[in-house]
Each structure stands twice: as structure tokens, then as C-alpha cells.
Amino acid sequence: MSGERAKAAVKLDRGGRWTRVYAESGGRDVSHLMYARFPFQAGRGVVNMAGVGGVATEPEHRRQGLSGKVFARAMAAIKADGYSCSGLYTATSIVAHRLYRRFGFVDLLQHRPACKLLDPEAFAIGVLGGWLKQDRELNLRMTLELRPHRPLHLRVSGGMVAVAKRKPRRVDLTLRMAGETLIALAREIVSFDEALISKLVEWEGDEGLFERLAARLRRRGSVVYGG
Amino acid sequence: MGAEMGSRPRGALALRSFREGDQVAIARLFNQYLSGFAGPRPMTPEAWRRQFRRRSWNGPSVDEDRDCVRVAERGGEVVGYAVTDYRPFEENTAAIVQELCVAGDRADEVAAALLEDAERRARQRGRQVLAVQLSPDDGLAERVAERLGFRSPGKDAGVFMAAVVDLARLLKELEQELSRRLAQSECAGWTGTLRLRSQGQTGWLRIRAGRVSAPRSPKAARADITAEVHPDALPLLVFGRCSVRWAYLQDMLSVEAADRGEALRLLDALFPRLPIYLPRAQWW
């Protein structure tokens with residue numbers, strides 16, 4: 001890894017509107033970002049902001065300090081180009097947020113999407129189906145109470161989720177949450193554990209089945225929700 | 001959302017899809033709303049049209065889909081518009097209202113009509129979820145969205161970050177705006193030199209006869225007021241995201257001056273808290 005790190009050279013390419021800053025390794029661009037002029041209004045005054053975007057590093061070259069090197073070079077170039085400030089869009093949940101903080105970036109505005117479930121049934125089946133498709137052994141009858149919608153009676157079997165037409169006589173598990181909580185879980189705005197601790201999700205029924213379901217939810221990757 | 005309008009068009013509210021030429025009224029609404037805010041630069045009709053020509057990662061294309069921009073008219077005048085992305089994710093299960101801008105004295109009604117229209121269209125297209133991007137200072141949009149059953153999932157998602165890379169240059173760019181703010185304050189008659197310092201950066205403000213100038217290196221490097229700002233508070237302070245009092249009470253601002261109260265009032269006048277509006281689609 002340290003050999004790789006030594007080989008990567010950080011370069012700057014001024015082509016058109018965007019200036020690209022990138023680290024090259026083995027003749028390939030493995031980590032890069034871009035910046036361009038983005039005038040920013042403060043009251044009636046306008047300041048010369050460098051808008052930074054396209055920050056990315058190839059997966060096999062991550063955790064080698066490359067993005068830090070690229071960012072340091074970019075910030076020096078931004079200052080030399082005559083910008084007074086710089087801005088970028090990101091999410092607080094991603095690792096890069098810490099990198100930006102190191103370079104003096106501060107959260108200025110946080111976007112909060114407000115959501116509405118238009119088709120709770122289709123959405124719930126899609127989300128639960130995605131979570132449980134790997135677990136073909138799991139068989140359960142569950143009720144999903146998505147406030148303010150009607151409760152959904154679901155059958156989980158062979159990695160598939162289907163809606164039961166009638167309320168089953170026996171329910172193994174009941175999950176209760178608001179519609180927007182299911183959206184937040186699906187988009188990974190909140191983790192399942194966070195939702196449980198803050199009582200956004202409540203449950204009753206078979207503990208073993210619940211733990212199995214929870215284990216599936218904890219194993220998921222990270223997705224950024226936004227426009 | 002909620003630009004002030006001089007005239008008050010009367011008549012029934014009508015909604016329709018984007019038509020070539022609407023960009024003039026849209027840019028006017030957007031710019032009216034922006035004045036007094038921190039956010040993107042005022043938009044020209046041409047720039048607005050260019051932005052929605054091709055679909056990009058952060059916005060839809062009106063050339064591909066006229067319905068993604070819906071316009072509200074009353075008495076033949078455009079009083080609002082909404083930009084909706086009907087396929088923000090690969091799975092095509094959601095739609096997002098990215099921008100909602102309305103004007104006039106019945107702004108709530110226009111905003112509600114545009115949101116209800118977006119919901120109807122999202123349902124017609126089989127979308128399971130409709131989201132609205134809300135800015136923290138957009139109280140009207142938040143109120144209307146909540147009334148229509150939209151709820152925040154709890155945590156913030158996208159975040160806009162900023163850094164000050166050259167404080168002296170930034171103050172130079174803001175000279176006129178700072179003079180304007182000073183003129184409207186109780187400190188309009190203050191005369192002297194103010195030094196702002198933050199982690200290796202220094203900026204000077206000279207105030208004479210109600211005018212603010214920001215010399216790179218003043219002739220006499222003596223300041224009547226020296227304000228030391230914590231680096232975490234500097235972007236917040238200069239872009240109006242925190243008040244001077246808040247920074248002071250949080251120990252993120254210290255002031256050296258003969259009269260500290262007067263110094264804080266002056267800083268308050270120069271760096272007031274500003275509402276911010278930055279629709280995600282306007283970035284880049």
C-alpha cells in the first residue's frame with residue numbers, strides 16, 4: 001500500500017469551465033475532484049466561490065490518503081486562482097464529510113426532505129422484499145403498521161414477501177412505525193438500531209424471528225438520499 | 001419560497017406544464033425570492049433554461065419531460081412554479097420536488113396547489129413516494145408540506161458546506177454589502193478600524209463616514225477592534241448562518257476593544273443572521 005501511495009502523482013488539468021485535480025497511478029486517474037466558479041450571494045453582495053464536485057477515489061485506492069492529497073492541492077489552487085471561498089454538497093453520513101471538515105469546510109445548510117408514502121403496500125413489499133430476499137429459510141406472518149395508513153398483513157416465505165388478503169389468525173411479528181420511518185430506513189437515513197433506540201420502530205411477537213429480521217437490516221451498505 | 005410581488009393578480013389559479021418563454025417569469029420569481037438571502041447568484045432566464053436542457057445527476061430535463069416544471073398562473077401572470085424530478089433513483093419508485101417558488105399574498109394556496117399537482121402526477125406515474133426538498137429557513141414550504149401530510153424522516157440528508165480560503169479577499173468582495181448593512185444600523189456613525197482574525201487569516205475593515213472598505217494591508221496596522229473568530233464559526237458568521245451573539249456565547253468569538261458592547265453591536269450590524277436558500281438543483 002505504501003508503495004502505491006508513493007507512486008501516485010497529483011496533477012491539475014485546466015480544461016474549459018472546470019479545473020480537474022487528480023491523482024495518477026499507473027497511468028490512470030485514481031482519485032479526483034473538479035472545481036469551477038460558483039458565485040454565491042450573501043444578502044446583496046456576491047462572493048467568488050469555487051464550487052467543488054465530483055470528489056471520488058477508485059475503490060482499490062481508498063484509505064491511502066489520496067483524496068486528502070488531491071484536496072490539499074485543490075485548495076491551494078483555489079486560493080491561487082483568486083477565489084475567496086469554496087463550497088460543496090455532501091452528506092453528513094459519508095466518510096468524506098470528515099475530510100472536508102479537515103480542510104476548513106463547515107456545514108452551512110442542511111436539506112431535509114419531507115416525504116409522503118403514495119403507495120404504502122407496493123413500497124413496503126419492495127423494501128421488505130429487498131431486505132429479505134437472501135433469507136430463503138425465513139417463514140413468517142407479519143403485520144406492518146405504517147402510520148397513518150392501514151395495517152398491512154404480509155407473508156414472508158422463500159425470500160419473497162406477499163400481501164395476505166385477510167388478517168391471519170396467527171401473527172408471528174408486528175412492526176409499528178410511521179410511513180416516513182420506513183422511507184428513512186429504506187434510504188438509510190437512519191440505521192435500524194438508531195430507529196429502535198429512539199423508538200421510531202416498535203415491535204412485538206417472536207423474539208427469534210425479530211432478531212433474524214434485524215440482522216438482515218444491520219447488514220446493509222450505505223446509500224445517500226437526496227435529489 | 002414566497003417572493004414579494006408588487007401587483008396582486010386576481011382570478012382563478014391555473015396550473016400547466018412548462019412552455020418556452022416561461023423562463024423569464026420563473027427567473028423573476030426566483031430572483032425576487034432570493035433577494036436578502038444567502039444562496040446562489042440571481043438567475044437569468046437563459047441560465048435557468050440552460051440548466052434544465054439536459055438531464056443531469058441533480059436535476060431533470062424540461063426538454064425530455066415538460067411536466068417536470070409546472071407553472072401556476074393567476075390572471076395571466078405566473079405566480080409560482082415547481083420543479084419535480086420523477087426519476088431521481090434508478091428504481092423509479094420515487095419523485096422529488098426539488099424547487100418550489102411562489103409569489104403573491106396567497107402564496108400558501110399556490111404552494112399547496114403545486115404540491116398537490118406534483119402528488120397527483122407522481123401517482124399517475126406509479127411512484128410510491130413523493131419527497132419535497134425543504135430548506136431550513138423556508139417556513140412557508142414546510143408549513144404547506146406538513147399540512148398536506150409530508151413528514152421529515154428525522155435526520156438531515158444533504159448538506160452544503162463552505163470554507164473561507166481568503167478572508168481579506170472575501171471582505172473586499174463584500175465591501176458594498178457591508179456598507180449597506182452599516183448604513184441601516186444604529187452603528188452607522190462609527191469610525192475606526194476592525195481586524196478579523198481566524199486561524200492564520202486576517203482581514204481588515206476600515207470604516208469612515210458610513211463607508212466600509214477592506215484594505216489588504218492597512219497603512220497603520222492598529223485596530224480599534226480585534227475580533228478573533230474560531231475557524232468553525234468563520235464561514236457561519238460571514239455567510240449569516242450564526243449570530244455574533246451566538247458565536248460570542250459559544251466562545252467561538254473573542255473581542256478586544258475599548259468598549260466591548262459597542263464592538264459586538266458593530267459586528268452584529270456587519271454580520272447579521274441571514275436566511276439561506278439553496279435548492280439542490282441550483283448547485284453547479
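Where a number appears in this text, it was derived from the coordinates with a stated rule and is not lab data. Fair warning: this is a prediction, and the values are worked out from it, not measured in the lab. We place every Cβ from the backbone using ideal geometry, glycine too, and count neighbours over all the protein chains shown.
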task = With r as the distance between the Cβ atoms of B:Asp259 and A:Ala214 and R0 = 60 Å, compute the FRET efficiency 1/(1 + (r/R0)^6) and round to 0.05.
result = 0.50
note = Ordered by fewest other Cβ atoms within 10 Å, a rough proxy for footprinting exposure, B:Cys101, B:Cys68 read B:Cys68, B:Cys101
note = If unit charges are put on Cβ atoms (+1 for Lys and Arg, -1 for Asp and Glu) and the dipole of the range A:120-218 is taken about its Cα centre, the option from A:Ala178, A:Leu200, A:Gly129 lying farthest towards the positive end turns out to be A:Gly129
message = How many angstrom lie between the Cα centre of the range A:143-204 and the Cα centre of the range B:227-275?
response = 47 Å
query = Out of B:Leu264, B:Ser217, B:Phe150, whose Cα points farthest toward the positive end of the dipole of chain B (charges: +1 Lys, Arg; -1 Asp, Glu; placed on Cβ)?
reply = B:Ser217
task = Pop the C-beta distance of B:Ser17 and B:Glu146 into the FRET formula with R0 = 30 Å and round what comes out to the nearest 0.05.
result = 0.65
key: Separation of the B:Ser243 and A:Arg155 label points, Cα + 7 Å toward Cβ, nm   = 6.1 nm
For the range B:167-270, alpha-carbon Rg relative to the globular expectation (2.2 N^0.38 Å, N residues) = 0.96
remark   = Dividing the surface of the Cα convex hull of the range A:120-218 by four yields a projected area in nm² of 5.6 nm²
inquiry  = So if I place +1 on the C-beta of Lys and Arg and -1 on the C-beta of Asp and Glu, and nothing else carries charge, what would the dipole magnitude of the range A:96-161 be about its Cα centre? I want it in debye, nearest 20.
reply    = 240 debye
ask   = Given that compact globular proteins tend to follow 2.2 N^0.38 Å, what is the ratio of the alpha-carbon Rg of the protein assembly as shown to that value?
value = 1.10
message = Translational diffusion coefficient of chain B at 10 °C, 1.306 mPa s, Stokes-Einstein with Kirkwood Rh over Cα pairs, in µm²/s as a whole number.
response = 75 µm²/s
note = Taking r as the C-beta separation of A:Arg17 and A:Asp206 and R0 as 60 Å, the FRET efficiency to the nearest 0.05 is 0.55
